[in-house]
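The values are calculated or read from the model by the stated rules, or taken from the named source; none is laboratory data. This is a predicted model, so every value here is computed, not measured. Glycine also receives a Cβ, built like all others from the backbone with ideal geometry; neighbour counts cover every protein chain displayed. When the accessible area is computed, the model is the full protein with side chains, heavy atoms only, and any ligands, DNA or RNA have been set aside. Shrake-Rupley method; radii C 1.70, N 1.55, O 1.52, S 1.80 Å.
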Amino acid sequence: MTRKFMVKIGLLLLLLSFIILLFSINISCKLGNLNKNTLNATEVIQYMSKHGIIEYPSKWQETLYDTKQGKYIRTISELNHTLQQGNDHSWAVSSLKKIENINYPSITEVQHVKILNVPSFYSNNTKKRTKYINILRRKVILLSNQKNLVLNFSNNFGGDPLPMIAGLADLIPKGPLWLDVDNKGHSHTVIRGKTDIHGGLSRASEKIPTPQKSINFKKIILVSNNRTASAAEVTLIALKRNANTKIIGRPTAGLTSINNTLKIGCNNAAAVITVGTIISFTPIHGQTHFNNDPIVPDVTTLYPPISPTKGSAYTAQQPLDADFVAELVPYVQ
């Protein structure tokens, strides 16, 4: 055999070995590897320790000891419980699909007041994100003939703030919106630019619909309740850059922090890690730095926007409580 022929045989064997390796990895991911922790819980716990915002340091250290830095964690439920020992806003889920939360904006009329409902939203699907943004923007434009605008964030449990902010971008001045602050104290500015929302710890961006319009409402009322959470709270902070906004209702859920999503192992599970606090450029009820603190409304109402008689399982944004609406109307007129 010639040397050239031997080299070809060697390359073919190397390629075959690589294909077998890829196949074995794929089978391992599909069937699960019984000999090791496919959750990669240790890596998640290490990431949380290194980059996470630890609200409860003593409890977190105890948890690290009890789980041997995550080596004893075998299920998503255990990982979820462990992460929440460090931060209330951190959690784990068995599938990325379970994080997806698709709702679209709507307009309802109560006591002759038109209310634009801004719902929870999370999806990595570009078409769905674009649809949410465009619907929200069209609703704002549809109501632009009114003197005042009411945006209902009650029972908006969060998701991703960028589609919400992009859809409402015509109401927000260009420039810095807020600061993401990591656990080392380094700040990362989120900016409302000419064509997109960008920056922050994630360096993510979201395009703003064009052509942009100058829409000026005399008042923009932001309705909040104790289930206005996470991304919805961040959106409130962004909207407060508009001097005409006023938050009315009840204090928010208090999940004012920045999360990063990690894929876990082979089974499409995910861990959501809290990696930043928030500094608002506009004081809200005298506060600028938020670390899972509730946002206190400019006007706290006697009645909550959603009646507590609906129960904790009730997740819709409407109907608003009649007594709350009676309190709201004078601020809209």
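Residue by residue through the stretch 274-301, note down the ones that are in contact with an Asp or Glu (Cβ under 9 Å, 6 or more places away or on another chain) and open to solvent by 60 Å² or more (accessible area, probe 1.4 Å).
Step one: list which residues in the stretch 274-301 are in contact with an Asp or Glu (Cβ under 9 Å, 6 or more places away or on another chain), which gives 274-279, 284-285, 287, 290-292, 294-295, 299, 301.
Once the filter is applied, which keeps residues that are in contact with an Asp or Glu (Cβ under 9 Å, 6 or more places away or on another chain) and open to solvent by 60 Å² or more (accessible area, probe 1.4 Å), the stretch 274-301 yields only H285.
Look through G276, G265, G199 and report the one residue that is within 25 Å of A41 (Cβ to Cβ) and under 20 Å from the mean Cα position of the chain (by Cα).
Details: G265 fails: under 20 Å from the mean Cα position of the chain (by Cα); G199 fails: within 25 Å of A41 (Cβ to Cβ).
Only one candidate qualifies: G276.
Looking at Q111, Q85, can you tell me which residue is farther than 26 Å from I53 by Cβ, of a type outside the set (V, I, T) and either surrounded by 17 or more Cβ atoms within 10 Å (Cβ to Cβ) or at pLDDT below 95 (or both)? Reasoning before the result, please.
Working: Q85 fails: farther than 26 Å from I53 by Cβ.
After applying the criteria, what remains is Q111.
Residue-by-condition table, conditions (1) among the hydrophobic types (A, V, I, L, M, F, W, C); (2) in a strand (DSSP E or B); (3) touching an Asp or Glu at 6+ places or on another chain (Cβ under 9 Å); (4) crowded, with 24+ Cβ neighbours inside 10 Å:
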residue: N124; (1), (2), (3), (4): no, no, yes, no
residue: K127; (1), (2), (3), (4): no, no, no, no
residue: L136; (1), (2), (3), (4): yes, no, no, yes
residue: I141; (1), (2), (3), (4): yes, no, yes, no
residue: V150; (1), (2), (3), (4): yes, yes, no, yes
residue: L162; (1), (2), (3), (4): yes, no, yes, yes
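Just to be sure before I move on: is I115 among the aliphatic types (A, V, I, L, M), part of a helix (DSSP H, G or I) and touching a residue at least 12 places away in the same chain (Cβ under 8 Å) in the structure I sent? Write out each step before concluding.
Values: among the aliphatic types (A, V, I, L, M): yes; part of a helix (DSSP H, G or I): no; touching a residue at least 12 places away in the same chain (Cβ under 8 Å): yes.
Considered against the rule, which asks whether it is among the aliphatic types (A, V, I, L, M), part of a helix (DSSP H, G or I) and touching a residue at least 12 places away in the same chain (Cβ under 8 Å), I115 comes out as no.
Taking only the stretch 197-236 into account, find how many residues are farther than 16 Å from K174 by Cβ and either buried (at least 17 other Cβ atoms within 10 Å of the Cβ) or among the basic types (K, R) (or both). Break it down into steps so the answer makes sense when it comes.
Our first condition is that a residue be farther than 16 Å from K174 by Cβ; within the stretch 197-236, this holds for 200-204, 217-236.
Checking the rest, the ones that are also either buried (at least 17 other Cβ atoms within 10 Å of the Cβ) or among the basic types (K, R) (or both) come to 200-203, 217-236.
Of the residues in the stretch 197-236, 24 are farther than 16 Å from K174 by Cβ and either buried (at least 17 other Cβ atoms within 10 Å of the Cβ) or among the basic types (K, R) (or both).
Cβ-Cβ below 9 Å, separation at least six or inter-chain, first residue in the stretch 64-86 and of a type in the set (S, T, Y), second open to solvent by 70 Å² or more (accessible area, probe 1.4 Å): which pairs?
Qualifying pairs under 9 Å: T67/E78; Y72/D66; Y72/E78; T82/D66.
Consider only pairs whose beta carbons are under 7 Å apart and that are at least six residues apart or on different chains; among these, list those whose first residue lies in the stretch 136-157 and is under 30 Å from A313 (Cβ atoms) and touching a residue at least 40 places away in the same chain (Cβ under 8 Å) and whose second residue is of a type in the set (V, I, T) and open to solvent by 10 Å² or more (accessible area, probe 1.4 Å).
What qualifies is V150/V113; V150/V332; S154/I306; N155/I306; N155/T315.
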